[in-house]
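Undergrad: So that we are looking at the same thing, I have put the structure below in structure tokens.
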Amino acid sequence: MRLIANIARVLVGIEFVFSGFVKVVDPYGTGLKLQEYFEVFAGDLPAFSGFFELLASQSQLLSLLFCAAEMILGVALLFSFKMPKTAWIVLALMAFFTFLTFYSAYFNKVTDCGCFGDFLKLKPWRSFYKDIISLAVILVIFFNRKKYNESFLALPATVIATFIAFGIGLYAKRYLPLIDFLPYAIGENLPKQMEPTGVKPEIEYTFFDKNSQKEIESMEYLMDTTQYKYVSSVILNEDELQPKITDYAISNIEGDEYTQESFTGNKFLIIIKKNKGIGTDEINGLKELSNSLATEDVESMTLTSLILDDFKSTFDTFGFAGDLYNCDEKVLKAMARTNIVMYLLKDGEVKGKWSSHNIPTHNEVLDLLNR
């Protein structure tokens, strides 16, 4: 039994470290998912709407705490750190996750639980079944929590994991994620990401069997109409058929579309999601860089989801080179995990990506374009 308990501890520890890591590298994305959950609960439980709206407003802070805690707990399990207490926390956390995934699947409220961030997308029911299995394994740990022998490395390993987890998360919040799992990552070609994947559809057909008087399912279309009658069909891999980028589009203040123009030649995109909290040093640095790049045939384009008519006067005071364009808020949240974010595109390929806290130099931009 001790062997089984230790295997369970290691397996759950690895799961928590991995799951926590792929989320804490991008806590902003997990925060968006938490906000989505809280907004759903606020609508479904109006008596507690104020409470859930409060949680939604603090989703980014909660995301950092949740993601870091998951990674830290994973390390604590691997080194058997204070198992009587750790087992309680892990059990409570997994019970909470299991409830979320069940609610998401049963009521079809949130189509992706965000269990593994943007690294791996799981459908709601798959997420729930995964959590049920994990919960069963955690129960083995819980009932044996007083039998584990704590490693002499348990305390230092957990302390180090705490610094690393919060360090990674805070770095991503101020700069950008250390690892980018989104289709806007460096090296990706945005126009190609907007094309169909080329994956063939997997279709499951339902037929009425005239002999057995029952409906049957088949992965092939049954041609014998004397025995089978076609009822319906469903595409099983619909998500795989969709382009990775489906909603990227930009337009100018007059409403003219400039999506394809943003993929032509050398473009320096400046993404501003909100005009609050932007420092003078950031504005001056971006102004200097965008104007210097204009002399090198690098066109600057400022993208925002703010109302252009309202933001235009503020934009003019910034003095950036190039024009102002509108882009959907959801797209900009995927492209820019902080505010402000810069993209360097060469014929639609992402050559560089920075936050306004580490603005590149003129020469750094040109070096990337010449590679």
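The values are calculated or read from the model by the stated rules, or taken from the named source; none is laboratory data. Note that the structure is a prediction, hence the values are computed from the model and not measured. A quick note on method: Cβ atoms are made from the backbone with ideal geometry, for glycine too, and the neighbour counts reach across all protein chains shown. Side chains are part of the model used for accessible areas, which takes the heavy atoms of the whole protein and leaves out ligands, DNA and RNA. Shrake-Rupley method; radii C 1.70, N 1.55, O 1.52, S 1.80 Å.
Undergrad: Of all residues in the range 234-258, which are assigned to a loop (DSSP other than H, G, I, E, B) and touching a residue at least 60 places away in the same chain (Cβ under 8 Å)?
TA: To start, the set of residues in the range 234-258 that are assigned to a loop (DSSP other than H, G, I, E, B) comprises 236-237, 242-249, 252-256, 258.
If the condition is that a residue be assigned to a loop (DSSP other than H, G, I, E, B) and touching a residue at least 60 places away in the same chain (Cβ under 8 Å), then LYS244, ILE245, ASP247, TYR248, ALA249, ASN252, ILE253, TYR258 are the ones that fit.
Undergrad: Scan the range 285-304 for residues that are surrounded by fewer than 17 Cβ atoms within 10 Å (Cβ to Cβ), without any contact (Cβ under 8 Å) to a residue 40 or more places away in the chain and within 16 Å of THR264 (Cα to Cα) and jot them down.
TA: Residues satisfying the conditions are ALA294, ASP297.
Undergrad: Quick one: which helices (runs of 4 or more DSSP H) lie wholly within the range 1-79 and hold at least 3 residues that are in contact (Cβ under 8 Å) with a residue 60 or more places away in the chain and farther than 19 Å from ASP118 by Cα?
TA: Output list reads 2-24, 59-78.
Okay, residues lined up against (1) under 30 Å from SER63 (Cβ atoms); (2) in a strand (DSSP E or B); (3) touching a residue at least 24 places away in the same chain (Cβ under 8 Å):
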site: LEU306; (1), (2), (3): yes, no, yes
site: ASP309; (1), (2), (3): no, no, yes
site: MET342; (1), (2), (3): yes, yes, yes
site: LYS353; (1), (2), (3): yes, yes, yes
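Undergrad: Still on this structure: Considering only the range 92-149, how many residues are closer than 17 Å to PHE18 by Cβ, in contact with a helix residue (DSSP H, G or I) (Cβ under 6 Å, 6 or more places away or on another chain) and assigned to a loop (DSSP other than H, G, I, E, B)?
TA: Selection size over the range 92-149: 6.
Results for (1) at pLDDT 95 or above; (2) open to solvent by less than 30 Å² (accessible area, probe 1.4 Å); (3) in contact with a Lys or Arg (Cβ under 8 Å, 6 or more places away or on another chain), shown as yes or no for each residue.
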site	(1), (2), (3)
VAL17	yes, no, no
THR30	no, yes, yes
LYS33	no, no, no
GLU39	no, no, no
PHE51	no, no, no
PHE81	yes, no, no
ALA87	yes, yes, yes
LEU100	no, yes, no
SER104	no, yes, no
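Undergrad: Working only within the range 184-233, note down all residues that are open to solvent by 70 Å² or more (accessible area, probe 1.4 Å) and in a strand (DSSP E or B).
TA: Selection gives LYS214, GLU215, GLU217, LYS229, TYR230.
Undergrad: Another question, if that's okay. On the given criteria, is ILE179 in a loop (DSSP other than H, G, I, E, B), surrounded by 14 or more Cβ atoms within 10 Å (Cβ to Cβ) and of a type in the set (Val, Ile, Thr)?
TA: Criteria met by ILE179.
Undergrad: Under 6 Å between Cβ atoms, at least 6 apart or on separate chains: pull out the pairs that start in the range 133-159 with a residue that is of a type in the set (Ser, Thr, Tyr) and end on any residue that is open to solvent by 40 Å² or more (accessible area, probe 1.4 Å).
TA: SER151/PHE79
Undergrad: Something else now. I'd like the full set of residues that are among the aliphatic types (A, V, I, L, M), open to solvent by 50 Å² or more (accessible area, probe 1.4 Å) and more than 24 Å from PHE97 (Cα to Cα), limited to the range 124-168. Show your work before the answer.
TA: Narrowing the range 124-168 to residues among the aliphatic types (A, V, I, L, M): 132-133, 135-141, 153-155, 157, 159-161, 164-165, 168.
Subsequent filtering for residues that are open to solvent by 50 Å² or more (accessible area, probe 1.4 Å) retains 132-133, 136, 139, 153, 155, 159-160, 164.
Listed by number, the residues that qualify are LEU153, LEU155, VAL159, ILE160.
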